[in-house]
1. By how many nm would the segment from Arg56 to Arg151 grow when fully extended, if each residue of separation counts as 0.36 nm and the alpha-carbon distance is taken off?
2. Could you work out how much longer the chain between Gln98 and Thr171 gets when fully extended? Use 0.36 nm per residue separation minus the Cα distance between them, nm to one decimal.
3. In debye, nearest 20, what is the charge dipole magnitude of segment 66-162 about its Cα centre with +1 on Lys and Arg Cβ and -1 on Asp and Glu Cβ, if you could check?
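Every read-out reported here was derived from the displayed coordinates using simple, explicitly stated rules and does not represent laboratory data. All figures in this text were calculated on a predicted structure; none of them were measured in a lab. Ideal geometry is used to build each Cβ from the backbone, glycine not excepted, and the neighbour counts take in all protein chains shown.
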Amino acid sequence: MLEYMFDYKGVAPQVTSQRAGSRLHELQQRVQRMQGPAVSRVLESLPGLSGVIQIRTGEVYAVDSPSLATALVAGPSQAGEWIAFVGVPDLGLEAAAQFGIDLDRTVAVPRPGELWLSVTAGLLDVATIVVVKPPVPVSAQQAERLKSRLRMKDAALVCWGEWPRSDATLTITESSWLGLGYGHGRLTARRVVVSVRHVPLWLPDPDQQVAERDHEVVPLVVAQAV
């Protein structure tokens with residue numbers, strides 16, 4: 001009986017190795033889910049924006065225009081990523097489609113109300129990049145909590161409005177439309193000048209505090225949105 005209990009001759013080394021490899025892979029996946037992605041990745045951009053800014057997962061971008069927000073997420077959408085809009089009730093689906101957004105992989109929550117932060121955080125489970133228009137000013141604590149979730153979920157956030165310590169802020173400083181004549185015609189294109197501002201930080205400063213350094217402004221870049 002003892003010989004039968006401790007007889008390992010019938011156990012194939014290959015099967016044991018496969019089981020060990022499967023268990024190791026499972027443990028690695030659990031650790032990765034707990035820790036989140038170690039390195040962020042660069043998302044696809046529209047050709048006209050690739051030289052302006054590179055969207056990376058784990059980061060937050062603030063914009064002052066719905067056109068800029070739509071253009072930033074159009075590249076990832078065309079590349080097959082899911083995107084979401086939160087708190088943008090006047091989002092034009094036809095205009096979004098003209099920018100190149102795939103509506104079949106788009107989630108829209110027009111009026112989340114007071115639950116806008118929870119809705120945004122929840123959508124990061126399914127969407128790679130979320131556009132949000134907060135109805136109230138965002139606190140530094142709320143921003144930091146959501147930033148941690150972005151890193152964990154390998155996602156990015158575009159805020160239409162101000163966001164504390166955003167990784168980059170895009171603003172339209174000049175704008176002109178094409179297509180209108182003297183009392184006739186229709187708008188066919190828009191030419192804008194986009195300013196991109198990155199915010200360098202001390203992590204930490206000589207006093208061991210996280211502090212913002214002098215603002216650094218990237219030279220103005222001209223982009224066209226048709």
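1. 33.2 nm
2. Answer, rounded to one decimal: 24.1 nm.
3. Values: 8 positive and 10 negative charges, 62 e Å.
It works out to roughly 300 debye.
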